[in-house]
Ligand SMILES: C[S@@+](CC[C@H](N)C(=O)[O-])C[C@H]1O[C@@H](n2cnc3c(N)ncnc32)[C@H](O)[C@@H]1O
């Protein structure tokens, strides 16, 4: 049983099949990390592998975990040399790798969990980060996103939406919408490097604001 039947159903229908590296991630990683063969990297929620070719091109030692069997099977087929490094699992329960990482990141993955699962994931993920290592979070949905006020609230977390009636996020819930101060509190004890709220104003078919946080924190040496 996958951690989320919704993600599994989505990928098995060929939907959300993003296959290009996300530009904000590329930009943060280039600016903040010494990308190269020495860099041990962990992606939480790699999905269909949009960010894999970027790290492989840099020669980094890439690892990932995702809860969808379809996604993991497809990545093992595409990147057979990474079979041991890309694993199936629920990152809120366990980080299934030994040793520590120079960079841990997620792009729109933790934000598809309730706050208590985000907390328990970060407990494992931040202890897997080397002293001086960096966490990059890209596309954590913001409270200012138009969809934060649509759909139905999760019974245990009112900022997580579980049932949208329409729109780009229908069928891949939960989606959690964060306040800036919640992000600071989740990364308490780490040093902020940068945080931005990326606001996209869609003009059609309806006027919609798709806003999300991009940020980076460094663990103390
Ligand atoms: C929006 S997709 C992002 C995929 C990829 N990071 C990208 O940038 O294209 C979110 C991914 O996170 C995974 N995910 C979310 N919560 C998870 C959890 N608790 N454990 C494992 N995978 C999870 C989903 O299966 C999905 O593949």
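Read the figures in this text as sums done on the coordinates, not as results from a lab. It should be emphasised that the depicted structure is a prediction, and the values quoted were computed from it without experimental measurement. Note that we place each Cβ from the backbone using ideal geometry, even for glycine, and neighbour counts take in every protein chain shown.
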Residues listed by number, the range 170-203, amide nitrogen under 15 Å from residue 152 label point at 7 Å toward C-beta: 170-175
The chain, relative contact order in percent, only Cα pairs under 8 angstrom and at least six apart counted: 18 percent
Relative compactness, the range 1-131, computed as alpha-carbon Rg over 2.2 N^0.38 Å: 0.99
Residue among 193, 138, 172 with the largest mean-square fluctuation in a Gaussian network model of the chain, springs linking Cα atoms under 10 Å: 193
Ranked packing of 123-134, 108-119, most packed first, by mean Cβ within 10 Å: 108-119, 123-134
Residue 127-residue 93 pseudo-label distance in nm [points 7 Å out on the Cα-to-Cβ vector]: 1.8 nm
Packing-based exposure ordering (other Cβ within 10 Å, fewest first) of 154, 63, 30: 30, 154, 63
Taking the range 114-221 and dividing mean pair separation by its residue count, relative contact order in percent (alpha carbons under 8 Å, at least six apart): 36 percent
Cα centroid separation - the range 101-155 against the range 50-80, whole Å: 19 Å
Label-reachable residues, the range 62-95, where backbone N falls under 16 Å from a point 7 Å from residue 56's Cα toward its Cβ: 62-65, 71-87
The chain - mean residue ellipticity at 222 nm from DSSP helices (-39,500 (n - 2.57) per run, n ≥ 4, rounded to 500): -7000 deg cm²/dmol
For the range 146-197, convex hull volume per residue from C-alpha positions, Å³: 100 Å³
For the chain, share of DSSP beta bridges that run antiparallel, in % to the nearest 5: 55 percent
Highest average packing first - 11-18, 39-46, Cβ atoms within 10 Å: 39-46, 11-18
Extended-chain gain in nm, criterion 0.36 nm per residue less alpha-carbon gap, residue 185 and residue 20: 56.3 nm
Over the chain: Kirkwood hydrodynamic radius from C-alpha pairwise inverse distances, Å: 17.6 Å
Relative contact order (%) - criterion: Cα under 8 Å, at least six apart; region: the range 1-77: 38 percent
